[in-house]
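The values are calculated or read from the model by the stated rules, or taken from the named source; none is laboratory data. Predicted model, so just to flag it, every value in this text is computed and none were measured. Note that each Cβ is placed from the backbone with ideal geometry, even for glycine, and that neighbours are counted across all protein chains shown.
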Amino acid sequence: MQPVYLDNNAATRMAPEVLAAMLPYFTEHFGNASSQHGFGTPAAEAVRAAREQVRALVGAEHAHEIIFTSGGTESDNAAILSALDARAERNEVIVSAVEHHAVLALVQFLAKQRGVAVRTIPVDGKGRLDMDAYRAALSPKTAIASIMWANNETGTIFPVAELAALAREAGALFHTDAVQAVGRVALDVQATAIDMLSLSAHKLHGPKGIGALYVRKGVRFAPLIRGGKQERGRRAGTENVPGIVGLGKAAELSLARPSSQAGRVRTLRDRLEAGVLTRIGGSFVAGDAANRLPNTACIVFDAALGEAILGELNKAGIAASSGSACAAGSVEPSHVLRAMKVPYTAALGAIRFSLSDENTEADIARVLEVLPTAVAKAREVSGFAPALPELAG
Ligand code: PLP
């Protein structure tokens, strides 16, 4: 039986064209991109070309607005720390309650260690940002607002253009973690007031350990990693040339992807959701149905442990992920679903299915065949009382 991969928000399969583009930079073009001799030239040229490919993907005006990093986590950290370091007179940060840990763990640390005031904006039951709370939190003390473009668990898309415009009015910088949005929705930073944007190659069929931070021209930037003069002194360390080439190629492929592909993925995702909801009682789709990534389905199964469902799926060769995380031996529901006020025991039963262009009708049919029994078994062993009226009867 062919395995079914539905965990593309965790990692995507690297495109063969990406691997082919990278290989020469492990072998004949091994030179250091900063070297002044002939071995450095192809590497430097490849980095230049990749910067242009990433510029085009996000719609930046200048290639030098792209800084290569080790991935989404570093880009998020660099953006927020830079805003605080470059504008010491402002000591407040605004984030949403549903940011990735790459943002949340950092700001929690900054609150504790550096006395940074963190304003956390709540979301409603669909995961939509409380716009009034956001407006009220912006002040002359705000250094930066960091709100993700799309949520990694539910796929809910945030109105980043509007949020960025409001931040600019308040004189604050605006950063968006677009790690899950890049390659899945069209981005055009020039059409917005976004100052900084994070992206990561492994979510768009590129390699792991490489990403980028877009920093709008004119925004004061303080580097996270100091040392050599690479990346115009904004990110020290010898460039990861094969990784950068891979990210550039992935960006190029993503831009060339016909828009019909997103429609196809959305149709498969919608079929999966509709099929699950008709077959399995006590389940619902979490997130904003009107504003969601086309590839993501976060389905909550009441009175079941997500890990147990995943175990059953895994036995059948189906890969998905749960919203909960095992911490110190106990299973905690995801902070995203808790922020959306999904009842505790229902949130523990959330499964995220995330698709890519590679998925087929047969994949969806297979999940619909296996899932009802998987959920029934997980419910049998959970010992949870149902939290949703449907199951509670
Ligand atoms: N931000 C979001 C929204 C993510 O989904 C992820 C990865 O899952 C990250 C940041 C971290 O990116 P990376 O793994 O490249 O550090």
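When restricted to residues that are more than 24 Å from A274 (Cβ to Cβ), surrounded by fewer than 17 Cβ atoms within 10 Å (Cβ to Cβ) and modelled with pLDDT of 85 or more, the range 367-393 contains 2. The residues listed here are R271, R338; of these, the one that is over 28 Å from S96 (Cβ atoms) and not assigned by TED's automatic domain parsing to the domain that holds K208 is R271.
Selection over the range 72-104 of residues that are surrounded by fewer than 24 Cβ atoms within 10 Å (Cβ to Cβ) and touching a helix residue (DSSP H, G or I) at 6+ places or on another chain (Cβ under 9 Å) gives a count of 13. Among the residues making up the range 114-126, those that are farther than 16 Å from S146 by Cα and either outside any helix (DSSP H, G or I) or touching a strand residue (DSSP E or B) at 6+ places or on another chain (Cβ under 6 Å) (or both) are G115, D124, G125, K126. Filter the range 283-296 for residues that are out of contact with any Phe, Trp or Tyr (no Cβ under 6 Å at 6 or more places or on another chain) and either modelled with pLDDT of 95 or more or within 21 Å of V4 (Cβ to Cβ) (or both) and give the result. F284, V285, A286, G287, D288, N291, R292, L293, P294, N295, T296 - these are the residues of the range 283-296 that are out of contact with any Phe, Trp or Tyr (no Cβ under 6 Å at 6 or more places or on another chain) and either modelled with pLDDT of 95 or more or within 21 Å of V4 (Cβ to Cβ) (or both).
Looking at the range 71-104, which of its residues are assigned to a helix (DSSP H, G or I), farther than 23 Å from M131 by Cα and of a type in the set (A, V, I, L, M)? A78, L81, L84, A86 - these are the residues of the range 71-104 that are assigned to a helix (DSSP H, G or I), farther than 23 Å from M131 by Cα and of a type in the set (A, V, I, L, M). Collect the residues in the range 172-203 that are outside any strand (DSSP E or B), in contact with a Lys or Arg (Cβ under 8 Å, 6 or more places away or on another chain) and more than 10 Å from the ligand (Cβ to nearest atom), keeping them in residue-number order. Listed by number, the residues that qualify are A172, G183, V189, A193, I194, D195.
On the basis of being within 16 Å of the ligand (Cβ to nearest atom) and within 30 Å of R366 (Cα to Cα), does D76 make the cut? No; evaluated as a whole, the condition is false for this residue. Residues in the range 190-201 that are closer than 25 Å to N32 by Cα and surrounded by fewer than 24 Cβ atoms within 10 Å (Cβ to Cβ): 0 in all. Out of A49, A60, I need the residue that is crowded, with 21+ Cβ neighbours inside 10 Å, in the same structural domain as S198 (by TED's automatic domain parsing) and not in a strand (DSSP E or B). Which one? Going through A49, A60 in turn, just one is crowded, with 21+ Cβ neighbours inside 10 Å, in the same structural domain as S198 (by TED's automatic domain parsing) and not in a strand (DSSP E or B): A60. Residue selection: A46 fails the criterion of being within 23 Å of P159 (Cα to Cα) and either in contact (Cβ under 8 Å) with a residue 12 or more places away in the chain or within 16 Å of the ligand (Cβ to nearest atom) (or both). Inspection of the range 150-158 identifies no residue that is surrounded by 24 or more Cβ atoms within 10 Å (Cβ to Cβ), without any contact (Cβ under 8 Å) to a residue 40 or more places away in the chain and within 12 Å of the ligand (Cβ to nearest atom). Residues of the range 204-230 that are more than 28 Å from F26 (Cβ to Cβ) and part of a strand (DSSP E or B): V215 alone.
G263: farther than 18 Å from A86 by Cα and either within 14 Å of the ligand (Cβ to nearest atom) or in a loop (DSSP other than H, G, I, E, B) (or both), yes or no? When the stated conditions are applied, G263 does not pass them. Take V215 and tell me if it is within 22 Å of V58 (Cα to Cα), away from the ligand (no atom under 16 Å from the Cβ), within 21 Å of the chain's Cα centre (by Cα) and modelled with pLDDT of 95 or more. So V215 fits the description; yes. Looking only at residues in the range 272-293 that are under 18 Å from A150 (Cβ atoms) and touching a Leu at 6+ places or on another chain (Cβ under 8 Å), the one that is surrounded by the most Cβ atoms within 10 Å (Cβ to Cβ) is A286. Only one residue in A117, A161 is under 30 Å from S321 (Cβ atoms), more than 16 Å from the ligand (Cβ to nearest atom), out of contact with any Cys (no Cβ under 7 Å at 6 or more places or on another chain) and among the aliphatic types (A, V, I, L, M), so which one is that? Sole residue among the options that is under 30 Å from S321 (Cβ atoms), more than 16 Å from the ligand (Cβ to nearest atom), out of contact with any Cys (no Cβ under 7 Å at 6 or more places or on another chain) and among the aliphatic types (A, V, I, L, M): A161. Let me confirm something: among R338, R269, which residue is of a type in the set (K, R), crowded, with 23+ Cβ neighbours inside 10 Å and outside any strand (DSSP E or B)? Every option except R269 fails the conditions.
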